[in-house]
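Coordinate-derived values only; no laboratory data. Owing to the predicted nature of the structure, the values given are computational and were not obtained by experimental measurement. Cβ placement follows ideal geometry from the backbone for every residue including glycine, while neighbour counts extend to all protein chains displayed.
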Amino acid sequence: MTDNGNPTQGPHEPDGQVERFDTSTALPLDQGHIVGTGGIPEQFANPGLPPHVHRMADHDEGAARRAEKQVATLFGISALATVLFVVCYFAIPRDKFSFIPLVGQANISHVTLGVTLSISLLGIGMGAIHWAKTLMPDTEVVEERHTLRSAEEDRHGAVDTLLEGGQGAQIARRPLIKYTLGGALGLFAIPLVVQLVGSLGPAPGDELYTTVWKKGTRLVRDPELTPVKATDVTIGSVFHILPEGIDKTAYPMNEKAKAAVLLMRLDPKDILSQKELDWGYHGIVAYSQICTHVGCPVGLYEQQTHHLLCPCHQSTFDVTQDAKVIFGPAGHPLPQLKITVDQDGYLMADAPFAEPVGPSFWERG
Ligand code: FES
C-alpha cells in the first residue's frame, strides 16, 4: 500500500501474479462523482491510513500500570461473581420468593443467579475490552487479500485423503463394526435426553388449563389490588383486573400470567351476543387478557369500535361479539369470565373460566 502517485498493489491474478495499475489518474474519494456525467471514475485514490494516535499507556509507564490494575480489577470482579453464583446455586432454595423494588415479587434464586452470572460475564467482557483498548498493540495492519479457494490439486488431495481414510478403516468391509458403532453413537444421545427431560421438574398437570379464578372471587385492580364496585365502571372505561388473593398464592407471577383480565363496560345495546350479556353485568364484561395466539397481554382497548388489540402480532378481538377474532393470527376468541356482584355491590366471578386461557393449543391433545 502506497501514497498517491505511486503504483499500488492491485488484486491477485488467478496465476498468482499481482496486477499493478497506475493511480496517477485516480480521483480522491470526495471527488468520486463526476459532475454532469452521473458516472464514477474507474478507480479511487488510496486514502491511506489516518495518522496514528498514541495512547497514554504507550508512553507513560504509570498509565500502563493503572490500566493493568483496572483490567485486573474487572477480571477479579468476574471471578468473585462466579464464586457467588455457585454459592447462591446451592444455598438459596428454588422456591423462595420475595419483594424486590422495581421488580415486585420475584424468585430469589433466579434473580441472584441471573445477577451474579451477568456480572461474571460483564467483568470478563469489560476487562478484555479495556485491555485491548489500553495495553494491547493498536497499530493498524493491512493484509492483502488473496484467492480463498484452494488450488485444484489441494482439493483433490483432501478428497483422496478422506477416501483413503475410509478404506483404511475398512468400514465397508466390516459391517459388524459399522452397525455397532452406529448403535453406540445413537444410544449415546439417550443419557443427554434423559438428563434434559429428568431435570424439567414435575409435570404441570392441569395447571395450564385452570386459573385461580373461582366462584365468589372478587375482581381487584392491578396493581393496587383494591376491589371494584360495579358503579365504578362507567361506559367506555377499562380496568386491568386480577383475582383477589393472588398475592397470597405460592407463585403470584405465574398465576398472574394466566389470570389477568380486562374489564370493560359497554352500552348493553352495543353487545351483539346474548351469552356475553348473560355472563356480564349490565354491560360490564370481563375477558382474559392473555392473547390466544402466543400469550402476550392484550392491552389496547379501542372504545369507539370496541376492539381489543394485541400489540405483539396485531390480533384484534371484537368485544361486542364474544371477543371473536376479526384480524390477526390468533385462532380463538378471548375467554370470557362470568361475573356478577356481591351484596356490597363489588364485582366478583360467578364461575371459573369455562375454557383454558392463553394460546389455543392448550386445548388440543
Ligand atoms: S400474541 Fe397476540 S397476536 Fe400474537
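Rounded to whole Å, the principal axis extents of the Cα atoms in the chain read 94, 76, 52, largest first. Cβ crowding within 10 Å, taken as a proxy for footprinting-reagent exposure, orders Glu68, Glu244 from fewest neighbours to most as Glu68, Glu244. When the listed pairs Lys215/Lys269; Lys275/Lys338; Lys214/Lys269; Lys96/Lys258; Lys229/Lys275 are checked against a 19 Å cut-off, the alpha-carbon distance exceeds it for Lys215/Lys269; Lys214/Lys269; Lys96/Lys258; Lys229/Lys275.
With a simple spin-label model that places each label point 7 Å from the Cα along the Cα-to-Cβ direction, the separation between Gln170 and Lys324 comes to 7.3 nm. Positive end of the dipole of the range 56-134, charges at C-beta (+1 Lys, Arg; -1 Asp, Glu), about the Cα centre: which of Thr134, Ile119, Ala72 has its Cα farthest in that direction? My answer, from the dipole projection, is Ile119.
Taking Cβ separations below 4.7 Å as the criterion for a possible disulfide partner, the isolated cysteines in the chain are Cys88. In the range 219-363, Rg over Rh equals 0.94, where Rg is the alpha-carbon radius of gyration and Rh the Kirkwood radius from pairwise Cα distances. Taking the charge dipole of the range 255-354 about its Cα centre, with +1 at Lys and Arg Cβ atoms and -1 at Asp and Glu Cβ atoms, the residue from Val319, Gly299, Ala330 reaching farthest to the positive side is Ala330. As a ratio to 2.2 N^0.38 Å, the alpha-carbon radius of gyration for the range 155-198 is 1.70. A Cβ-based charge dipole, computed about the Cα centre of the chain with Lys and Arg at +1 and Asp and Glu at -1, lands at about 1620 debye. If you run the Gaussian network model on the chain, springs between alpha carbon atoms under 10 Å, then out of Asp318, Asp270, Asp344 the most flexible one is Asp344. Here the convex hull built on the C-alpha positions of the range 56-134 has a volume of 88 cubic angstrom per residue. Scanning the chain for DSSP H helices at least 30 Å long along the axis (C-alpha atoms) with a Kyte-Doolittle mean no lower than 0.5 picks out 61-91, 108-134, 175-198. Cβ crowding within 10 Å, taken as a proxy for footprinting-reagent exposure, orders Thr112, Thr211 from fewest neighbours to most as Thr112, Thr211.
Expressed as a rounded percentage, what relative contact order does the chain have, with Cα pairs under 8 Å and six or more residues apart?
Values: 536 pairs, mean separation 39.3, N = 365.
So the answer I get is 11 percent.
Across the range 64-98, the residues whose backbone nitrogen lies under 16 Å from the label position 7 Å along the beta-carbon direction of Lys133 are 64, 66-75.
Note on Leu185 and Phe90: the extension gain reaches 30.8 nm, defined as 0.36 nm multiplied by sequence separation minus the Cα-Cα distance.
If you average 1/r over every pair of different alpha-carbon atoms in the range 265-350 and take one over that average, what Kirkwood value in Å do you get? Numbers along the way, then the final one.
Values: mean 1/r = 0.0765 Å⁻¹.
It works out to 13.1 Å.
Here the label points at Asn46 and Lys248, each 7 Å from Cα along the C-beta direction, are separated by 8.0 nm in the simple model.
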